Amino acid sequence: MSQVQARFFTENTKYLIDDVPFSIPAASEVVDLSGVINKLLEAKNDGHKHVEFDFLVRGQFLRTSLANHMETENISTEEVVEIEYVEKFTAPQPEECIMHDDWISSVEADSEWILTGSFDKTARIWSMEGKAVMTVAGHTDVVKDVAWVKRDGLSSLLLTASLDQTIMLWEWNSERNKVKARHCCRGHAGSVDTVAVDPTRTKFCSGSWDKMLKIWSAVPTEEEDEIEEPNRPRKKQKTEQMGLTRTPLMTFSGHNEAVSSVLWMDAEELCSASWDHTIRLWDAETGGQKNTITGSKVFSCISYSPLCRRLASGSTDRHVRLWDPRSKDGYLVLLSLTSHNGWVTAVRWSPSHEHQLVSGSLDNVVKLWDTRSCKAPLYDLAAHEDKVMCVDWTENGLILSGGADNKLYTYRYSACVSDAGA
Amino acid sequence: MRPTHSGTMSKVKNKKRNLEENEDEQLPIFDKDGGKDGHLDDGDEDQGDLSDSEESVFSGLEDSGSDSDDEEEEEDDDEEEDGTEEKSSDVEEDKAADGDGDDQLSAKEVTEPQTDGQHSKENKKKKKTAGKEGGEESVVSARDSGLQTSSQVDEYEHDTSDEEDIRNTVGNIPMEWYKDYPHIGYDLDGKKIFKPIRNKDELDEFLDKMENPDYWRTVQDKMTGADIRLSDEQVDLVHRLQEGKFGDVNFNEYEPAIDFFSNEVMIHPVTNRPQDKRSFIPSLIEKEKVGKLVHAIKMGWIKPRRPKETTPQYYDLWAKEDPNSILGRHKMHVPAPKLKLPGHEESYNPPPEYLMSEEERLAWEQQDPEDRKLSFLPQKFACLRAVPAYSRFIHERFERCLDLYLCPRQRKMRVNVNPEDLIPKLPKPKDLQPFPTTQSLVYRGHSSLVRSISTSPSGQWLVSGSDDCTVRFWEVSTARCLKTVEVGGAVKGVAWNPNPSICLVAISYDDTVVLLNPGLGDRLVSTATDQQISSYEEPEEVKEQPVQWTVAEGEGHEQGHRLILKHPKAVRQVTWHGKGDYLACVMPDNGSSLQVVIHQVSKRRTQNPFRKNKGLVQCVSFHPIRPYFFVATQRYVRVYNLIKQELTKKLMANCKWISSMATHPGGDNVICGSYDCRLAWFDLDLSTKPYKVLRHHKKALRSVAYHRHYPLFASGSDDGSVIVCHGMVYNDLLQNPLIVPVKVLKGHTITHDLGVLDVTFHPTQPWVFSSGADGTVRLFT
């Protein structure tokens, strides 16, 4: 087998070539094929500049020689092979390295600001250029998770969840650069490890080490909720507390172990991952459990992509696993992405690309994955010198990762701009 | 030979005589030999007489009979006394007379058809009188019909062993019973029969033997004790019997046979009955039966006889032989070892490369004949004709014959045991998941060896105590050190209170145990614990306690110290009871009575449970469910019942020095690690000896631990490795625990010859923590 009949096609009209089968050497690899396409394009229009292409054979990225790939994928070499070519994703370009005083536990960025939570009990707001804008201090213990609630105009609402069992709702005025604690959400009996704001931006959910999920209102008000706490004097002691006390709207119990990660699938559906080896789907309105996905390891993080409707989970082993949350068979792993050498501590789907996700691990590496190439990640982002604790991916193509080396790295990733439809 | 002479005696008399003769038959010789005493007896017939020969008996018997008989007897006796020839004739005559009647009788009965006419009358007469005699007599007489004398006939007729000897009425008894009496029995009248006087001594006996010519024919009658001299006839009879001949000289055993029924057809048939009609008319019943059978055969109900198989049947000699047996015929076949075929070097004209050079030849010659590769020197000859006779031919043939002859006939069966089969079947570790397999997190921060670690009951925190005089609190999932507490000495032991509603950590250093509230986890629990401690009220009467309890204040309190317990000696180990109120501390000190103390935190009380400790206590442990307390000394683990205050069990660890101990959460199994590289698993239900001893570590074990939920246990050793084993305990009492080593976890670097110092499991996940001499704590998942 030295030659393979192949027909090339693409959905990017910029690089269209004639729809005729070519006979290409079976041993050719991505670089060779890319050369072939470029040659063809040059023949077609003179003004063509060299472009690196990536090739998909039946939805799988070509990573080895064509012959090898077809053998492992059980593709017959007798027929004409349909090969799709896309413009090669360019490597994420490192932009900023933002130094912190302590380990970064969480990061969330929107188009303008970066919000990070740190082990120095504070959350910080950074500009995209890496300038420290604001330090949000008020927790008495490590900040475990942060989340933007709302940004309209100059004032923004943000959440910080902490080991001190509280979640704080802050209001930040970007013009005056002032932050004010609006509410202190009390009710958890363990460290609050995760918060997630619902799509309507009026509620948020928190998951804690005390095995509970709680739903709170994210709308700041002026009155304080009554705490049904037995000993009043103790509350009196805590006069220095910041913000008005808020109590949960709803409590979901069902997990047998600590809740490590929570997210909203849509306005009515919640998803939580726990140390009890399960991912549970909840109805946010009624509080009922809708589905349970059972894994074999502790889940440390989950992410959901509305584009491909898949859940990605990281657990206390080396694999990133993809799940179908609608599947009734709660044990079925759709895909395992294996390349990490340590626990996967953070995963995040691309907000704009249905096949791409990023994961961070205790092995100090952030990996960029394409689900069409499950054997190996697209890129390894090995900038961290210590455990990666959190990753994020913004709408405008910025990948952020923070870790135990006190550094927050940002990468510009623009691959999906040119071939968004691919 | 018919009897020709008939006696004058009456028939009755004759009969009687016969009877008497019967008695004599036993020893027909003896009644004659009584001869010498005979005349004595005859003389007086007195019962009081010393002599008791049978003659006297006879006479007594014959008294009723006719005199003539007596006379005859007397005659006999007289004659016998003389021992002359005349006598013998007399006897003969006498016998003949006896036999006469008898013969007549028998002849009459048996040979009736051919009886002589002359005797018929007598016979008839006789018939009446002899009617009482049994048929047996007639049979015997028929056989003996040819006998001349009846004495022999009678002899066999009435010879029964249980016949009474009428001369002596003692019966058939051993005569030595009368050995000590003067008499030898009683006669018919009940008079004693006295023994004949025997006053002969040895000398007389000898002289008698020498001088008496009849000594050899003199015998003693045991019944009467009398000496009897055998007559010539009797001696002759003895001789004849010895030779196996008939006793009677005249008996012809080869008499011609007489046909009673002729083989010729006589004109007169034996019976003249006409033939039955049925003998020539076919039977109707049989016809019916045959008809039924024929019908059944026709209908196929019964099958006529199966035709004989024509194939010959042979006995299969080897039918029972197992074809697979080792000694089977074919298996036994040992083919003769093949000879090597001649090669080029054996050629008379070998190619030059086979010819040896001079050095090779010298080397060949210097070699031992056994070591030589070739047994000969290849030689080149000009032509086949020039090849000499092969000198080793006979020798080689002989060796070949020896090879064949000495070839072992018994095939040696090699036992092929696959060494794999000898290993007990254990499940594959893959099937026993989950268990820790890889190192996931390293908790760095300590600057010296970490002696002890413990996890919080929720599994969120880990506490470690180190020789750098600090205690660190870590978040398990991130390996973040959240708190560092300095204490006044190298920390020997830390133990997190297993009760989730109490937030206390016991830390031991030097002679102090500090109960510390780390303030981690639920704030409410933490404050509740503080309140509980601060709300303690001193009891009215203060007992003298071996340990001094003080409440921490000031800076210590800020750091979390709550209670400080000052012990008299250095505390090596602290361990909590499952409920979290009792705390046991070990102060190893050989020979002291205060090695183990149990504190009750809520009442701030300390008790010394043992009046006396045997040996150096290494570690202690509470039973998770029952009020038992395990105390490990150097070689033994003692199990105490704390309620009954008695020793319930003593486990023999079978090792030199126990270093650590852990109790299974079920409580029925204990593992002990020892400094001599062993890990002993005790099943308390099974025995006081280890159920299993594992020797996987290369160096001393420092710590062992059970998982609270998963069937796992781990051991840490000085060789820097942690070995995780699957240890399944079944509820079924019949099933012994299953122990499978599943993983060796390496990660710690060996410093100061110390590797892993403590291991502990995560309370909920199948994860194991290990602390090492390199100052790190590692998490394996």
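Counting only residues that are surrounded by 18 or more Cβ atoms within 10 Å (Cβ to Cβ), give me the strands (runs of 3 or more DSSP E) lying completely in the range A:313-376 with at least 3 of them. Because the criterion is at least 3 residues that are surrounded by 18 or more Cβ atoms within 10 Å (Cβ to Cβ), the strands (runs of 3 or more DSSP E) in the range A:313-376 that meet it are A:319-323, A:344-349, A:356-361, A:366-370.
May I ask you to list the residues in the range B:478-499 that are under 60 Å from the mean Cα position of the chain (by Cα) and either more than 16 Å from B:ASP758 (Cβ to Cβ) or within 14 Å of chain A (Cβ to nearest Cβ) (or both)? Within the range B:478-499, B:ASN497, B:PRO498, B:ASN499 meet the criteria. Across the range A:93-121, the qualifying residues are those that are part of a strand (DSSP E or B) and small (Gly, Ala, Ser), and the one among them that is surrounded by the most Cβ atoms within 10 Å (Cβ to Cβ) is A:GLY117.
The one condition from (1) without any contact (Cβ under 8 Å) to a residue 60 or more places away in the chain; (2) surrounded by fewer than 20 Cβ atoms within 10 Å (Cβ to Cβ) that B:THR437 does not meet is (1). If a residue has to be part of a loop (DSSP other than H, G, I, E, B), buried (at least 16 other Cβ atoms within 10 Å of the Cβ) and away from chain B (no Cβ under 14 Å) to count, how many in the range A:263-286 make the cut? Adding up the residues that qualify gives 2. Taking the numbered list (1) in contact with a strand residue (DSSP E or B) (Cβ under 9 Å, 6 or more places away or on another chain); (2) at pLDDT 85 or above; (3) surrounded by fewer than 19 Cβ atoms within 10 Å (Cβ to Cβ); (4) within 14 Å of another protein chain (Cβ to nearest Cβ) in turn, B:GLN531 passes all entries but (1). Kindly indicate whether any position in the range B:632-651 is closer than 16 Å to B:HIS577 by Cα, in a loop (DSSP other than H, G, I, E, B) and not hydroxyl-bearing (Ser, Thr, Tyr). Yes.
Applying the criterion of being part of a strand (DSSP E or B) and within 12 Å of chain B (Cβ to nearest Cβ) to the residues of the range A:296-312, the residue that is farthest from B:THR438 (Cα to Cα) is A:CYS301.
Within the range B:508-526, residues that are without any contact (Cβ under 8 Å) to a residue 60 or more places away in the chain and more than 10 Å from chain A (Cβ to nearest Cβ) reach partners that are surrounded by fewer than 20 Cβ atoms within 10 Å (Cβ to Cβ) and in a helix (DSSP H, G or I) with beta carbons closer than 7 Å, at six or more positions or on different chains, in the pairs B:ASN517/B:SER526; B:ASN517/B:ASP530. Among the criteria (1) within 43 Å of the chain's Cα centre (by Cα); (2) assigned to a strand (DSSP E or B), the one B:GLY667 does not fulfil is (2). Counting only helices (runs of 4 or more DSSP H) that sit wholly inside the range B:127-230, those with at least 1 residues that are farther than 30 Å from B:TYR254 by Cβ and at pLDDT 75 or above are B:202-211. Just checking, does the range A:356-377 include any residue being charged (D, E, K, R), closer than 23 Å to B:PHE780 by Cβ and more than 13 Å from chain B (Cβ to nearest Cβ)? Within the range A:356-377 (the criterion being charged (D, E, K, R), closer than 23 Å to B:PHE780 by Cβ and more than 13 Å from chain B (Cβ to nearest Cβ)), the answer is no, since none of the residues qualifies. For the range A:161-191, taking the residues that are within 13 Å of chain B (Cβ to nearest Cβ) and outside any strand (DSSP E or B), the one that is nearest to A:LEU249 (Cα to Cα) is identified as A:GLY187. Could you please let me know if A:THR292 is of a type outside the set (A, V, I, L, M), within 12 Å of chain B (Cβ to nearest Cβ) and under 28 Å from B:HIS762 (Cβ atoms)? Criteria not met by A:THR292. Can B:ILE502 be described as part of a strand (DSSP E or B) and more than 47 Å from the chain's Cα centre (by Cα)? Against the criterion (part of a strand (DSSP E or B) and more than 47 Å from the chain's Cα centre (by Cα)), B:ILE502 does not qualify. Of the residues making up the range B:444-477, those that are touching a Lys or Arg at 6+ places or on another chain (Cβ under 8 Å), away from every other protein chain (no Cβ under 14 Å) and not in a loop (DSSP other than H, G, I, E, B) number 7.
Here A:ALA218 passes the criteria (1) modelled with pLDDT of 85 or more; (2) out of contact with any His (no Cβ under 8 Å at 6 or more places or on another chain); (3) more than 13 Å from every other protein chain (Cβ to nearest Cβ) except the one numbered (1). For A:ASP110, the test of being touching a residue at least 40 places away in the same chain (Cβ under 8 Å), over 20 Å from A:ARG182 (Cα atoms) and not hydroxyl-bearing (Ser, Thr, Tyr) is passed. For the range A:40-64, the tally of residues that are assigned to a loop (DSSP other than H, G, I, E, B) and surrounded by fewer than 17 Cβ atoms within 10 Å (Cβ to Cβ) stands at 12. No other residue among A:TRP126, A:TRP148, A:TRP113, A:TRP103 is under 22 Å from the mean Cα position of the chain (by Cα) and either within 14 Å of chain B (Cβ to nearest Cβ) or farther than 28 Å from A:ARG201 by Cα (or both) apart from A:TRP103. Of the strands (runs of 3 or more DSSP E) lying entirely inside the range B:585-626, those containing at least 2 residues that are without any contact (Cβ under 8 Å) to a residue 40 or more places away in the chain are B:596-600. Here the strands (runs of 3 or more DSSP E) wholly within the range B:678-781 that include at least 1 residues being buried (at least 24 other Cβ atoms within 10 Å of the Cβ) and within 14 Å of another protein chain (Cβ to nearest Cβ) are B:768-772, B:776-780. Against the conditions (1) buried (at least 24 other Cβ atoms within 10 Å of the Cβ); (2) out of contact with any strand residue (DSSP E or B) (no Cβ under 6 Å at 6 or more places or on another chain), B:SER508 satisfies every one except (2). Can you find a residue in the range B:267-280 that is hydrophobic (A, V, I, L, M, F, W, C), farther than 30 Å from B:MET413 by Cα and surrounded by 10 or more Cβ atoms within 10 Å (Cβ to Cβ)? The answer is no, given that none of the residues of the range B:267-280 is hydrophobic (A, V, I, L, M, F, W, C), farther than 30 Å from B:MET413 by Cα and surrounded by 10 or more Cβ atoms within 10 Å (Cβ to Cβ).
Somewhere in the range B:603-611, is a residue under 17 Å from B:LYS689 (Cβ atoms), surrounded by 15 or more Cβ atoms within 10 Å (Cβ to Cβ) and of a type in the set (Val, Ile, Thr)? Checked against the condition, which is being under 17 Å from B:LYS689 (Cβ atoms), surrounded by 15 or more Cβ atoms within 10 Å (Cβ to Cβ) and of a type in the set (Val, Ile, Thr), the range B:603-611 yields no hits at all.
The values are calculated or read from the model by the stated rules, or taken from the named source; none is laboratory data. Source: prediction; values computed, not measured. Ideal geometry is used to build each Cβ from the backbone, glycine not excepted, and the neighbour counts take in all protein chains shown.
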